[in-house]
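To start, the structure itself, in structure tokens.
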Amino acid sequence: MSLFWRIFALNAVVLGTATALLLWAPVTVSVPVLLTEAIILVGGLAVMLVANAALLRLGLSPLARLTKLMTTVDLLRPGQRLPASGGGEVAEVIRTFNAMLERLEQERATSSARALLAQEAERRRIAQELHDEVGQSMTAVLLGLKRAADDAPSPLRAELHEAQEITRESLDEVRRLVRRLRPGVLDDLGLVSALTSLTEDFATHTGLHVTRRFDTDLPALSPEAELVLYRVAQESLTDVARHADAQRVSVALRLADESVVLTVTDDGSGIRTPREGAGIRGMRERALLIGGSLEISPASRTGTRVQLTAPHARSSPDHA
Ligand SMILES: Nc1ncnc2c1ncn2[C@@H]1O[C@H](COP(=O)(O)OP(=O)(O)O)[C@@H](O)[C@H]1O
Ligand SMILES: [Mg+2]
């Protein structure tokens, strides 16, 4: 039934009932009106209005639900749909909206996949150049300095040693940068080693106490899934260092049913505002890329828990 006829029918029911009551109930209205009659009339009017409002609210509730979803829907949490209730054009609008969401979610997934892959490729390129160009020439400088220091007279030698030391530190920094940009260990030694090295680096740099808990019987994951898990761990740890004001952080990787679950838990101040910046949204996009999901919740007492559930390769056939 169309919205027009539904509203009309609702009003007809209410007005019809009122008229029937007037016709068949033993009520009369005198002129001038008596107090009791006025009370009965006003009471009747109130009942009619309340009934009308209730029926209208009921009839329009699918639209209210639709408006609410329209204002809150988030393409990074896909799968939010409404039942096409309400009949007529209301159901049609809801069905169209659901179809539109479906299309937008797909487009969003494709475009963010493209952006993320381009970003990873660019990072790989920069890492390669840093490693091959800057790293190589700094190594050459280091060797040159060492040779010069060996041959130099003693007052100069100390200075050359100092220059050597600074160069070595810079070279270490370049290597760290390369590792951050392109986790080479991921390709060479796998996810667990890469995460171990990431957390060790993190612990040395921040002075936080890091606990690792990695299941030993983890299944083989696709390279994309491993990279997503690694990047989410990296971003979560950066957030802990930047925002959490924590003492301890634990990083866990365990097998649950058909998925591998990464959990990063800190004992810091917790996320107060639900404001999600580029970092968290980036993690959600990466999760979608491999058909996984990201959940951010308060940790047991204080602090924050970031959890990524990544299905393993076998159970995500839709991912090419
Ligand atoms: N582990 C955490 N503990 C406390 N607050 C956090 C944590 N992680 C994120 N936040 C909060 O969530 C906000 C959004 O994080 P994010 O999207 O990574 O953006 P950014 O790190 O660039 O500020 C942060 O500004 C911070 O207020
Ligand atoms: Mg961040």
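The values are calculated or read from the model by the stated rules, or taken from the named source; none is laboratory data. Not measured: the values here are computed from a predicted model. So basically every Cβ, Gly included, is an ideal-geometry build from the backbone, and we count neighbours across all protein chains shown. Areas reflect the complete protein model, heavy atoms only, side chains present, ligands, DNA and RNA absent. Shrake-Rupley method; radii C 1.70, N 1.55, O 1.52, S 1.80 Å.
Only one of (1) over 22 Å from A278 (Cα atoms); (2) basic (K, R); (3) outside the structural domain of T302 (by TED's automatic domain parsing) is not met by R180, so which one is it? Only one criterion is unmet by R180, namely (1). Residue pairs whose Cβ atoms lie under 8 Å apart, sitting 6 or more positions apart in sequence or on different chains, and linking a residue in region 211-230 that is under 25 Å from E285 (Cα atoms) to a partner that is open to solvent by 90 Å² or more (accessible area, probe 1.4 Å) and acidic (D, E), are P223/D187.
For residues that are closer than 29 Å to D187 by Cα and open to solvent by less than 80 Å² (accessible area, probe 1.4 Å), tally how many sit in region 66-123.
14
Contact annotation: residue pairs with Cβ atoms under 8 Å, 6 or more positions apart or on different chains, pairing a residue in region 22-36 that is closer than 19 Å to M48 by Cβ and assigned by TED's automatic domain parsing to the domain that holds V47 with a partner that is outside any loop (DSSP other than H, G, I, E, B) and open to solvent by 90 Å² or more (accessible area, probe 1.4 Å), are V27/L21; V27/I40. Is it fair to say L66 is modelled with pLDDT of 85 or more and closer than 30 Å to G277 by Cα? Answer is yes for this residue. A310 passes every criterion in (1) in contact with a Gly (Cβ under 8 Å, 6 or more places away or on another chain); (2) assigned to a strand (DSSP E or B); (3) within 9 Å of ligand 1 (Cβ to nearest atom) apart from (3). One residue stands out in region 147-160 among those that are out of contact with any His (no Cβ under 9 Å at 6 or more places or on another chain) and surrounded by 14 or more Cβ atoms within 10 Å (Cβ to Cβ): the one that is modelled with the lowest pLDDT, namely A152. Of note, A46 does not satisfy the criterion of being within 30 Å of I94 (Cα to Cα) and either among the hydrophobic types (A, V, I, L, M, F, W, C) or open to solvent by 70 Å² or more (accessible area, probe 1.4 Å) (or both).
Mind listing just one residue for me: the one in region 194-210 that is β-branched (V, I, T) and touching a residue at least 12 places away in the same chain (Cβ under 8 Å) and, of those, least open to solvent (accessible area, probe 1.4 Å)? Here the residue is T199. Checking each residue in region 234-245 for being over 9 Å from V306 (Cβ atoms), more than 6 Å from ligand 1 (Cβ to nearest atom) and either among the small types (G, A, S) or free of Cβ contacts under 8 Å to residues at least 12 places away in the same chain (or both) picks out only A241.
Looking at the structure I just gave you, is L288 within 16 Å of ligand 1 (Cβ to nearest atom) and touching a Phe, Trp or Tyr at 6+ places or on another chain (Cβ under 6 Å)? So L288 does not fit the description; no. Residue check: P32 meets all listed conditions (1) part of a helix (DSSP H, G or I); (2) open to solvent by 90 Å² or more (accessible area, probe 1.4 Å) but one, namely (1).
Checking each residue in region 291-307 for being open to solvent by 40 Å² or more (accessible area, probe 1.4 Å) and either near ligand 1 (Cβ under 8 Å from one of its atoms) or not assigned by TED's automatic domain parsing to the domain that holds T263 (or both) picks out only I296.
Of the residues making up region 277-289, just one is within 13 Å of ligand 2 (Cβ to nearest atom), in contact (Cβ under 8 Å) with a residue 12 or more places away in the chain and open to solvent by 30 Å² or more (accessible area, probe 1.4 Å), namely R281. Every condition in (1) open to solvent by 40 Å² or more (accessible area, probe 1.4 Å); (2) touching a residue at least 60 places away in the same chain (Cβ under 8 Å) is met by L191 except one, and the failing one is (1).
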